Amino acid sequence: MAEKNGFPAMKNDRLLRAARGEEVDVVPVWVMRQAGRYLPEFREERAKCDFFTMCQTPELSCKVTLQPLKRFPLDAAIIFSDILVIPQALGMEVKMQPGEGPVFPAPLRGPEDLTRLSSPVDVCSKLQYVFDALTLTRKELQGRAPLIGFSGAPWTIMAYMIEGKGSKTMSNAKSWFYKYPDASHQLLKIISDATVSYLVGQAKAGAQLLQVFESHAEHLGPYLFREFALPYLKQICDEVKERVSQLGFEDIPMTVFPKGGHFALKDLAALKYDVIGIDWTVDPILARELVGPNKTLQGNLDPCALYADKKFINSSVKEMLDKFGRNRYIANLGHGIYPDMDPEHLAAFVEAVHEHSKK
Ligand code: 1CP
């Protein structure tokens, strides 16, 4: 049976129900980086092909997106791609270096480099492959679970464009805020405009929830966050929701994940995001106090708890569920799963969420 939008009817929509604050039979669970190197079947595909070629080939992206769902009873799929496809679409080169992660051979050095960037308006034509991967994957999922689309948040993307790779301090990127505040806002605006079009394109292509990763929130602190992150996170949520509704689609739930940004939770709760992701450094009780009753929380077991034995994983999950409660809650880790983790321990995590949250 197909729904009126042409996609297969949903057999499991717990994630979307929880995001909208509706009742669920059991708490939905998925895991950040669930399609990744901890799975031998992923490593097998990855060995044959460059990382970005995988992202750019819809059949391959679809295949590895579905891999974790074949093993575990997960309540969501997240499309296999990367946040750094936005800088690529803005004209910057990004390479995936083995053992090192993403590297930009020519990062932005100063405000004069902003002229190197392509117009954010053209970004979507360059990212058609992500839209194609989403449409294919949504069909292949057969309604088994909702499909999550995503992007990086503007500050997190800016950080990579200036640092050129991961960094412990982000001091190059942060120096822009103090030396070139106007150019910083200009850059953040370019990234935000591109991200709005990109996320609307993802919704049109079949994504059913959109997550915005502010993975480097921790580097900002409350002042810089309010000045250089919050306004752009607001712009993205407001404009995406407005444009999706203008297109005649139903409201698309959106999640913001401010990794390390406990100081930002109250401010973020005032925006229109439906779900707020919590990392493992924040106690669930405090998170709920800070965001109030009208947001869904997502998280937050320490990813390293998956190194523990299955009994410990089970009791940690029970404690996590007791603290978050079973309403307005999506279970996840507090950040992505690591490549050296045992898939069987992820199975124990997923099973424990369903077992302990049954009515
Ligand atoms: O299963 C999934 O989660 C889907 C795929 C996915 C997602 C959602 C990948 C594949 N990347 C991302 C998002 C992403 N990429 C984030 C936000 C989430 C987070 O905080 O982890 C970030 C910061 C990136 C940037 C990135 N890409 C890094 C971090 C670099 C650093 O040191 O700061 C790395 C290592 C990558 C590479 C990458 N992306 C994805 C995978 C499977 C990999 C490993 C690369 C490989 O296979 O060689």
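For region 47-66, give me the residue count where each residue is over 24 Å from E100 (Cβ atoms) and in contact (Cβ under 8 Å) with a residue 24 or more places away in the chain.
Residues in region 47-66 being over 24 Å from E100 (Cβ atoms) and in contact (Cβ under 8 Å) with a residue 24 or more places away in the chain: 5 in total.
How many residues does region 79-92 contain that are open to solvent by less than 20 Å² (accessible area, probe 1.4 Å) and near the ligand (Cβ under 10 Å from one of its atoms)?
The number of residues fulfilling the criteria is 5.
Which number in (1) away from the ligand (no atom under 16 Å from the Cβ); (2) out of contact with any helix residue (DSSP H, G or I) (no Cβ under 9 Å at 6 or more places or on another chain) marks the one condition that C304 misses?
For C304, the exception is condition (1).
Yes or no, residue by residue, for (1) closer than 20 Å to L117 by Cβ; (2) more than 15 Å from the ligand (Cβ to nearest atom):
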| site | (1), (2) |
| --- | --- |
| R144 | no, yes |
| P154 | yes, no |
| K168 | no, no |
| A173 | yes, no |
| K179 | yes, yes |
| A183 | yes, yes |
| A207 | no, no |
| Q211 | no, no |
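Enumerate the pairs (first residue in region 35-46 and over 21 Å from G149 (Cβ atoms); second residue anywhere and more than 10 Å from the ligand (Cβ to nearest atom) and hydroxyl-bearing (S, T, Y)) with beta-carbon separation below 8 Å, excluding pairs fewer than 6 apart on the same chain, so at least 6 apart or on different chains.
Y38/Y338
What about P68, is it outside any loop (DSSP other than H, G, I, E, B) and farther than 23 Å from Y160 by Cα?
So P68 passes the test.
Residues of region 327-359 being at pLDDT below 95 and under 13 Å from V29 (Cβ atoms), which ones?
The one that is at pLDDT below 95 and under 13 Å from V29 (Cβ atoms): K358.
Any chance region 227-236 includes a residue that's within 22 Å of F7 (Cα to Cα), aliphatic (A, V, I, L, M) and not in a helix (DSSP H, G or I)?
The answer is no; no qualifying residue exists.
Quick one: F42 ticks every box in (1) open to solvent by 40 Å² or more (accessible area, probe 1.4 Å); (2) within 20 Å of H345 (Cβ to Cβ) except a single one, so which number is it?
Looking at each condition in turn, F42 falls short on (1).
So how many residues does region 212-255 have that are open to solvent by less than 10 Å² (accessible area, probe 1.4 Å), closer than 16 Å to Q202 by Cα and in contact with a Phe, Trp or Tyr (Cβ under 9 Å, 6 or more places away or on another chain)?
Residues that pass the stated criteria total 5.
Can you find, within region 68-77, the residue that is nearest to P28 (Cα to Cα) among those that are surrounded by fewer than 23 Cβ atoms within 10 Å (Cβ to Cβ) and either in contact (Cβ under 8 Å) with a residue 40 or more places away in the chain or within 7 Å of the ligand (Cβ to nearest atom) (or both)?
Across region 68-77, the extreme among qualifying residues is L74.
Would you say N294 is open to solvent by 10 Å² or more (accessible area, probe 1.4 Å) and closer than 16 Å to V27 by Cβ?
Here the answer is no, as N294 does not meet what is asked.
Failed condition for E3, given (1) open to solvent by 50 Å² or more (accessible area, probe 1.4 Å); (2) within 11 Å of the ligand (Cβ to nearest atom), with all others met?
Of the numbered conditions (1) open to solvent by 50 Å² or more (accessible area, probe 1.4 Å); (2) within 11 Å of the ligand (Cβ to nearest atom), the odd one out for E3 is (2).
Please pick out the residue among R46, R109 that is modelled with pLDDT of 95 or more and farther than 22 Å from D340 by Cα.
Residue meeting the stated conditions: R109.
Check V291, V212, V317 and return the single one that is under 29 Å from N12 (Cβ atoms) and under 18 Å from the mean Cα position of the chain (by Cα).
Exactly one residue qualifies, and that residue is V212.
Would you check which residues across region 28-48 are more than 17 Å from the chain's Cα centre (by Cα) and among the hydrophobic types (A, V, I, L, M, F, W, C) and list them?
L39, F42, A47
If I go through region 12-46 residue by residue, how many of them are more than 10 Å from the ligand (Cβ to nearest atom) and farther than 18 Å from K358 by Cβ?
Counting residues in region 12-46 that are more than 10 Å from the ligand (Cβ to nearest atom) and farther than 18 Å from K358 by Cβ gives 7.
For region 324-338, does any single residue satisfy the condition of being open to solvent by less than 20 Å² (accessible area, probe 1.4 Å), more than 15 Å from the ligand (Cβ to nearest atom) and within 28 Å of R43 (Cβ to Cβ)?
Yes: one or more hits.
Have a look at G91, G6 and point out the one that is within 17 Å of I252 (Cβ to Cβ) and of a type in the set (G, A, S).
Result: G6 is the single residue among G91, G6 that is within 17 Å of I252 (Cβ to Cβ) and of a type in the set (G, A, S).
I need the strands (runs of 3 or more DSSP E) fully contained in region 93-181, keeping only those with at least 1 residues that are in contact with a helix residue (DSSP H, G or I) (Cβ under 6 Å, 6 or more places away or on another chain) and open to solvent by less than 20 Å² (accessible area, probe 1.4 Å).
147-152
Might you check whether a residue that is free of Cβ contacts under 8 Å to residues at least 40 places away in the same chain, farther than 24 Å from S197 by Cβ and out of contact with any Cys (no Cβ under 7 Å at 6 or more places or on another chain) occurs anywhere in region 247-262?
Scanning region 247-262 turns up at least one residue that is free of Cβ contacts under 8 Å to residues at least 40 places away in the same chain, farther than 24 Å from S197 by Cβ and out of contact with any Cys (no Cβ under 7 Å at 6 or more places or on another chain).
The values are calculated or read from the model by the stated rules, or taken from the named source; none is laboratory data. Remember, it's a predicted structure, so these values are computed and weren't measured experimentally. Glycine gets a Cβ as well: all are built from the backbone with ideal geometry, and neighbour counts include every protein chain shown. Surface areas here come from the heavy atoms of the whole protein model, side chains and all, with no ligands, DNA or RNA. Shrake-Rupley method; radii C 1.70, N 1.55, O 1.52, S 1.80 Å.
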